[in-house]
Amino acid sequence: MSNKATSLVSMFNARHGATEHSGPYDVGLVIVALALMSIGLIIVTSASMPVSAKLYDAPFYIAIKHGIYVIIALIAAMVVLQLPMQFWRISNPYLLLLAIGLLVAVLLIGRNVNGSTRWLVIGPITIQAAEPAKLFFFAYLAGYLVRRYEEVTENLKGFIKPLVVFFVLAILLLAQPDLGTVVVMFATTIGLLFLAGAKLWQFFALVFVGLMAVVALIVFEEYRLRRVTSFLDPWADPFGTGYQLTQSLMAYGRGNWFGQGLGNSLQKLEFLPEAHNDFVMAILAEELGFVGVVAVLMLTFWLAMRALQIGNKALLKQRPFEGYLAYSIGLWFSFQTAVNIGASAGILPTKGLTLPLVSYGGSSIIVMTVATAILLRIDFELRVEGVQALDRKIKAKSARRQQQKDAKQKLKAMLSSVSAGASHD
């Protein structure tokens with residue numbers, strides 16, 4: 001460790017106490033994120049082996065790809081960790097334009113898989129445009145709330161403007177179609193506007209309109225209506241529209257308290273479609289049981305709560321952009337986890353959303369890891385700001401002590417000279 005780093009740590013210990021902070025980064029946040037990624041790598045490996053052996057004649061093909069995605073995600077996180085938050089404050093409008101460009105490009109030249117056009121293929125790289133679009137939109141929303149805070153909290157016009165931007169993104173996402181991402185973005189948006197201080201009547205009006213819009217989108221689209229009816233009673237057609245959900249519920253049921261043991265899932269043997277992706281929690285429940293599910297939920301809950309705590313700390317230190325962005329990341333992780341697990345457990349209709357930091361999917365795990373790195377950066381800057389303030393305080397106190405010492409020495413010299421003059425007389 002360099003002298004500068006050692007000095008920084010010692011200053012943190014001087015301010016907070018040696019047991020509270022051991023360095024400039026939130027070690028707990030890093031450990032929880034790595035724990036979720038490790039659990040994901042293990043469960044994805046277990047869940048993907050049968051389908052990987054069938055499709056690629058190599059049982060670890062998907063697991064190796066997921067491992068590569070994890071490594072790329074960690075490298076991307078380390079790069080983002082070096083970016084000051086000033087970068088996000090300045091560039092968020094341009095990032096929003098990039099998000100819109102990606103979503104338009106998907107509709108024009110995207111790859112169609114199972115009736116959905118959600119992926120951009122650039123050589124060997126496949127990008128699911130909705131994932132970076134979420135992060136870029138939340139960065140823009142945080143910037144907008146800082147620039148137009150009074151408008152948002154005082155009049156309807158300021159409240160509506162960010163919703164117009166969301167409406168544009170929602171149309172592009174629904175054209176793919178991707179209702180799940182729209183729901184998560186909408187829930188995060190209204191949650192952030194509420195935390196930012198929007199009036200209650202605006203908040204409830206927005207919730208009502210949003211719910212009506214979702215109901216309309218479901219009712220007027222046949223495949224979505226089938227999903228909802230199958231979700232309400234999957235056993236009515238267990239080999240048709242309710243097949244995926246019934247297989248998922250069987251996995252949960254077989255898991256019991258402590259599971260069948262790692263690698264012992266039956267549902268992953270091509271009974272449950274998307275076992276390593278959208279329904280990875282069902283396989284985790286079957287193999288690790290209720291205890292495993294609770295462990296993942298507690299880790300995700302801790303991560304989301306930590307994001308909200310960092311956001312609150314940023315707002316208290318007069319850094320609103322960082323505060324709102326941290327809030328949005330925490331809400332985003334919470335809602336997406338709720339939708340993913342709710343869909344696999346039969347609580348919500350089936351949606352094609354990944355489990356943050358756990359499910360298979362390169363774009364998802366990279367963007368989620370980058371979002372976690374942004375949280376680390378926000379927390380880091382808050383800590384460094386505190387250390388700099390402490391350093392200034394220490395220097396000011398030292399300067400005052402030196403001034404007092406100099407004044408005493410001058411007074412002593414004057415008294416000595418007066419005393420010497422009197423003795424001479």
Filter the stretch 341-356 down to the residues that are open to solvent by 10 Å² or more (accessible area, probe 1.4 Å) and either under 9 Å from the mean Cα position of the chain (by Cα) or among the aliphatic types (A, V, I, L, M) (or both) and list them by number.
I341, A345, I347, L348
Failed item, numbered, when A338 is tested on (1) over 18 Å from the mean Cα position of the chain (by Cα); (2) under 25 Å from I31 (Cβ atoms); (3) without any contact (Cβ under 8 Å) to a residue 12 or more places away in the chain
(1)
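Of the residues that sit in the stretch 80-94 and are open to solvent by less than 90 Å² (accessible area, probe 1.4 Å), in a helix (DSSP H, G or I) and among the aliphatic types (A, V, I, L, M), which one is nearest to A139 (Cα to Cα)?
Within the stretch 80-94, the subset open to solvent by less than 90 Å² (accessible area, probe 1.4 Å) is 80-81, 83-89, 91-93.
This time we only want the ones that are in a helix (DSSP H, G or I), so: 80-81, 85-89, 91-93.
Of the ones still in play, those that are also among the aliphatic types (A, V, I, L, M) are 80-81, 85.
Numbers: V80: 14, L81: 16, M85: 11 Å.
Only one residue tops the list, namely M85.
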Residue within the stretch 278-290 that is aromatic (F, W, Y) and over 30 Å from Y144 (Cβ atoms) present:
yes
Counting only residues in the stretch 23-79 that are outside any helix (DSSP H, G or I) and not aromatic (F, W, Y), the one surrounded by the most Cβ atoms within 10 Å (Cβ to Cβ) is identified as D26
Only one of (1) in a helix (DSSP H, G or I); (2) surrounded by 13 or more Cβ atoms within 10 Å (Cβ to Cβ) fails for L120. Which number is that?
(1)
Residue, surrounded by the fewest Cβ atoms within 10 Å (Cβ to Cβ), within the stretch 216-231, restricted to residues that are part of a helix (DSSP H, G or I), of a type in the set (A, V, I, L, M, F, W, C) and at pLDDT below 70:
V219
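Give the residue, chosen from A314, A307, A295, that is open to solvent by 30 Å² or more (accessible area, probe 1.4 Å), of a type in the set (G, A, S) and closer than 30 Å to F380 by Cβ. Even if it seems obvious, please write down each step before you answer.
On the way: A314 fails: open to solvent by 30 Å² or more (accessible area, probe 1.4 Å); A307 fails: open to solvent by 30 Å² or more (accessible area, probe 1.4 Å).
So the residue among A314, A307, A295 that is open to solvent by 30 Å² or more (accessible area, probe 1.4 Å), of a type in the set (G, A, S) and closer than 30 Å to F380 by Cβ is A295.
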Taking the stretch 243-268 only, how many residues are part of a loop (DSSP other than H, G, I, E, B) and either surrounded by fewer than 19 Cβ atoms within 10 Å (Cβ to Cβ) or without any contact (Cβ under 8 Å) to a residue 24 or more places away in the chain (or both)?
10
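Is the stretch 198-207 home to any residue that is outside any helix (DSSP H, G or I) and of a type in the set (S, T, N, Q)? Spell out the reasoning first.
Taking the stretch 198-207 first, the residues outside any helix (DSSP H, G or I) are 198-199.
Add one more test, that the residue is of a type in the set (S, T, N, Q), and what stays is none.
No.
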Pick from the stretch 317-356 the residues that are assigned to a helix (DSSP H, G or I) and of a type in the set (V, I, T): which of them is nearest to V146 (Cα to Cα)?
I329
For the subset of the stretch 357-376 comprising residues that are part of a loop (DSSP other than H, G, I, E, B) and more than 24 Å from P84 (Cα to Cα), which member is most open to solvent (accessible area, probe 1.4 Å)?
Y360
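Given the residues E274, E322, E287, which is the only one that is surrounded by 19 or more Cβ atoms within 10 Å (Cβ to Cβ), within 30 Å of Y140 (Cβ to Cβ) and acidic (D, E)?
Answer to the check: E322.
The values are calculated or read from the model by the stated rules, or taken from the named source; none is laboratory data. Just so it is clear, the model here is predicted, and its values are computed rather than measured. Here Cβ is always computed from backbone atoms with ideal geometry, including for glycine, and neighbour counts include all displayed protein chains. Accessible surface is based on the protein model in full, side chains and every heavy atom, while ligands, DNA and RNA are left aside. Shrake-Rupley method; radii C 1.70, N 1.55, O 1.52, S 1.80 Å.
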